[in-house]
Amino acid sequence: RLCDLLLARGITPLVTLYHWDLPSELQADGGWLNPRTGELFGQYADAVATRLGDRVGSWATLNEPWCSAFLGYAAGIHAPGLRQPAAALEVAYRL
């Protein structure tokens, strides 16, 4: 509905699929350290593109993956707040 409202007002929608909004259930299962999260993200991206692809021409899959990986998993200053440098490398790979 939001895309339809934007288009009706002459605004071109730009969709970002992930910006620090990992569902808590996925985080409880390991977040981006769990290989399944990437698979589920792929399914999510497919579902959103299928639903909105006729109205959205510009997509960003991941916003600031470096920040998600290193500030969240190594420095601990963003979600999920871990301080595990090796984990950050694994997360960066998955992102």
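Taken together, the values in this text are just the output of simple stated rules run on the coordinates, not laboratory data. Every value quoted in this text rests on a predicted model; they were computed, and no experiment measured them. Glycine also receives a Cβ, built like all others from the backbone with ideal geometry; neighbour counts cover every protein chain displayed.
Points worth noting:
- Matching entry among Leu89, Leu26 (being free of Cβ contacts under 8 Å to residues at least 24 places away in the same chain, surrounded by 15 or more Cβ atoms within 10 Å (Cβ to Cβ) and part of a helix (DSSP H, G or I)): Leu26
- So Arg51, is it over 14 Å from the mean Cα position of the chain (by Cα), outside any helix (DSSP H, G or I) and surrounded by fewer than 16 Cβ atoms within 10 Å (Cβ to Cβ): no
- Test: residue in the range 57-68 that is of a type in the set (Asp, Glu) and under 12 Å from the mean Cα position of the chain (by Cα): yes
A quick yes/no check of all residues on (1) out of contact with any helix residue (DSSP H, G or I) (no Cβ under 7 Å at 6 or more places or on another chain); (2) among the polar types (S, T, N, Q):
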site	(1), (2)
Leu5	yes, no
Ile11	yes, no
Thr16	yes, yes
His19	yes, no
Glu25	yes, no
Trp32	no, no
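- Residue pairs whose Cβ atoms lie under 7 Å apart, separated by 6 or more positions or on different chains, with the first residue in the range 52-64 and closer than 16 Å to Phe41 by Cα and the second of a type in the set (Gly, Ala, Ser) and surrounded by 13 or more Cβ atoms within 10 Å (Cβ to Cβ), are Thr61/Ala45.
- Once the range 29-48 is narrowed to residues that are surrounded by 13 or more Cβ atoms within 10 Å (Cβ to Cβ) and either in contact with a Cys (Cβ under 8 Å, 6 or more places away or on another chain) or without any contact (Cβ under 8 Å) to a residue 12 or more places away in the chain (or both), the residue that is farthest from Asn63 (Cα to Cα) is Asp29.
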